[in-house]
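The structure under discussion appears below in the form of structure tokens.
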Amino acid sequence: MARLVRRIKRETAGSESSSSISALAAISRLGAPTVGELAEVEGVSRPSASAQADLLEGRGLIRRAAGDLDRRLVRLRLTPAGERVLAQSRNERNAWLARRLKRLPEADLETLERAAEVLERLEEES
């Protein structure tokens, strides 16, 4: 499974690195994380997450903003450009996977559907 995920990321990299897309997706999913929260979910050090945020901010894909309750706390937010890049990446990945799935025989698609149900149950249990 991990190899397939890496292959999809490699095949649909576009102009952004997979780590940039991953960071954008995490920021989108978390809402407005701090650099520390981003580091935690991405499994990287705070300095690495800060460097990634600097890169994304420099490209106009995120912005840093003071927290709503604590103005000393800096939160990361996607810009409209960041939202577009993330949406484009997701669309490319979905299209790549859809092309691959169309090549599979019906029996394989049914097997994948059953496997997806099992994976969803496993996720719900955790």
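Go through the residues of region 95-106 one by one and say whether even a single one is surrounded by fewer than 10 Cβ atoms within 10 Å (Cβ to Cβ), not aromatic (Phe, Trp, Tyr) and not in a helix (DSSP H, G or I).
For region 95-106, residues surrounded by fewer than 10 Cβ atoms within 10 Å (Cβ to Cβ), not aromatic (Phe, Trp, Tyr) and not in a helix (DSSP H, G or I): present.
Could you list, in sequence order, all residues of region 1-20 that are of a type in the set (A, V, I, L, M) and surrounded by 13 or more Cβ atoms within 10 Å (Cβ to Cβ)?
Hits for region 1-20 are 8, 13.
What are the pairs, 6+ residues apart or on separate chains, where a residue within region 76-98 that is farther than 10 Å from residue 27 by Cβ has its Cβ under 7 Å from a residue that is assigned to a helix (DSSP H, G or I) and not β-branched (Val, Ile, Thr)?
85/24; 96/11
Identify all residues within region 33-50 that are free of Cβ contacts under 8 Å to residues at least 24 places away in the same chain and either within 16 Å of residue 21 (Cβ to Cβ) or in contact with a strand residue (DSSP E or B) (Cβ under 7 Å, 6 or more places away or on another chain) (or both); write none if there are none.
41, 42, 43, 44, 48
What tally of residues in region 21-45 results from selecting those that are over 11 Å from the mean Cα position of the chain (by Cα), modelled with pLDDT of 95 or more and either β-branched (Val, Ile, Thr) or surrounded by fewer than 15 Cβ atoms within 10 Å (Cβ to Cβ) (or both)?
6
The values are calculated or read from the model by the stated rules, or taken from the named source; none is laboratory data. On a predicted model such as this, the values are computed, not experimentally measured, just so you know. Because the Cβ atoms are built from the backbone with ideal geometry, glycine has one as well, and the counts that use them run over all protein chains shown.
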